[in-house]
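Here is the structure we will look at.
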Amino acid sequence: MLCHNLPFTTVVAGLAAAHCRSWKAGALVFVSGHLHLLGDLIGSKGPEGHIWSVPYLPGVELAWSGQWELNAWPNVVLTLVALAVTFRLAWKRGYSPIGVLSAKADRAFVRALRRRFGEPQGTGS
Ligand SMILES: [Zn+2]
């Protein structure tokens, strides 16, 4: 409830913009926050049929009667596609989101990908 609304998304986007000194970073965080809310709105139904609503603004609660369950096939497909894209970008660029947590783990992850799939062209290594 506290983190699934417009005020929270705006504050986090502002913090990102200030931290990165980039309005583009803030805008991307704002958009990604809203993609998260959209995902919750369309695909977060509970196992007993409970529809997950988004308290977007005080007095404005968003919900969709067509919401699919959290473990429904569209969520599985979207997750697999997102993982495949993330792995491909990590293989090609040489870094991944793991680097946020550990540079050493990120290097090991990229090394494992490149051992498995070969070196991408144009990296010079
Ligand atoms: Zn959520």
Practice problem: Search the structure for amide H atoms under 5 Å from the amide H of Leu62, placed 1.01 Å from N in the peptide plane, and list their residues when 5 or more places away or on another chain. | Solution: Val54, Tyr56
Exercise. Arrange the following residues from fewest to most other Cβ atoms within 10 Å of their Cβ: Tyr56, Tyr95.
Key: Tyr95, Tyr56
Quiz prompt | Packing-based ranking, highest mean first, of 79-87, 12-20 given that Cβ atoms within 10 Å are counted | solution = 12-20, 79-87
Exercise. Please sort through the DSSP H helices of the chain and keep those with an alpha-carbon extent of at least 20 Å along the long axis and a Kyte-Doolittle average not below -0.5.
Key: 6-20, 23-43, 73-93
Quiz item: Residues with amide H under 5 Å of Leu70's amide H, sequence separation 5 or more or different chain, H placed in the peptide plane at 1.01 Å from N; which?
Solution: Lys45
Quiz item: Direction-averaged shadow area of the convex hull around the Cα atoms of the chain, nm²?
Solution: 10.4
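Each reported figure results from applying straightforward, stated rules to the coordinates on display, with no laboratory input. Predicted model only: the values in this text are computed from it and were never measured. Using ideal geometry, Cβ is built from the backbone for each residue, glycine included, and neighbour counts are taken over all protein chains shown.
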